[in-house]
1. Given the criteria touching a Pro at 6+ places or on another chain (Cβ under 9 Å), modelled with pLDDT of 95 or more and not in a loop (DSSP other than H, G, I, E, B), does residue 150 qualify?
2. Can you tell me which residue within segment 22-47, out of those that are under 17 Å from the mean Cα position of the chain (by Cα) and over 14 Å from residue 80 (Cβ atoms), is surrounded by the fewest Cβ atoms within 10 Å (Cβ to Cβ)?
3. Taking the conditions exactly as written (surrounded by 11 or more Cβ atoms within 10 Å (Cβ to Cβ), part of a helix (DSSP H, G or I), at pLDDT 95 or above and under 17 Å from the mean Cα position of the chain (by Cα)), does residue 50 satisfy them or not?
4. Hey, does segment 133-147 have a residue that's outside any helix (DSSP H, G or I), of a type in the set (Lys, Arg), farther than 19 Å from residue 50 by Cα and touching a helix residue (DSSP H, G or I) at 6+ places or on another chain (Cβ under 7 Å)?
5. Can residue 52 be described as closer than 22 Å to residue 182 by Cβ, of a type in the set (Lys, Arg) and touching a residue at least 40 places away in the same chain (Cβ under 8 Å)?
Amino acid sequence: MADDIPAAPERVTTEEELRAATIGALQPHNGTVLIVDYDPDWPRQFAVEAAKMRAALGERALLLEHVGSTSTPGLAAKPILDILLVVADSADEPTYVPDLERAGYVLRTREPDWFEHRVLKGVDPAVNLHVFSPGCPETERMLLMRDWLRTHDDDRALYEQTKRELAQRTWKYVQNYADAKTAVVEAILARAGSHNSSTQP
C-alpha cells in the first residue's frame, strides 16, 4: 500500500559513505549537472536495455521497470536511464551480477546497509541499473514517484524547476545534487501517498 511507504531519511551522503559504497575509484564530479529536455526516444532505449537484461537473467528478473525522470514523458532529466530490477536476493551477487556483466553492465555501487542496494552501470545509452530484493520499500517509492509525476502536471513542473535550479550549481559529487532534491521529492511522495490512501476502497 502506498500510504505504508516509509519516508526516506533526509540526510547528506558523506564522502566516506560514497567511498564505502563505490566499487572502484571514486571520481569527483566538480561541476554542474547536465539536464536535458525530455527525449521521446528514451522509452525505446529502455525497451532495448530491458530486453538485454531479460536475455541475461531470464526468470531471475522478477521485476524490470523504467523509473526515474527519463521514464516520465515531458520531464527534463539527466540523460541517464534509471532502471529498476528486482531479483530474489540482491545481496547474492553471484546469482545475477556475472550474467549482467557479460551483457555489458558493470557493478559500481554496493550498499548493504540500504536495502542491499546494488547499482550496475551501462554505456551507450548511459544506464543506472538499481537492484533490490522483493518487498523493498524503495521499489514502491520509485514506482509511486514515477506514476504520480506521469499524471500530475503541477508536481512534474515543480520537480523539473527544482532540478534545473540545483543543476546549475557546482557539485563535488552528483550524489550531493541528488541529496539536495530530497525535500521536494519527499513532499511529492507525501502528496502521492496521501492521494492513494484516500482513494483506496
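The values are calculated or read from the model by the stated rules, or taken from the named source; none is laboratory data. Since the structure is predicted, the reported quantities are computational estimates derived from the model, not experimental observations. Here Cβ is always computed from backbone atoms with ideal geometry, including for glycine, and neighbour counts include all displayed protein chains.
1. So residue 150 fits the description; yes.
2. Per the criteria, the residue is 47.
3. yes
4. no
5. no
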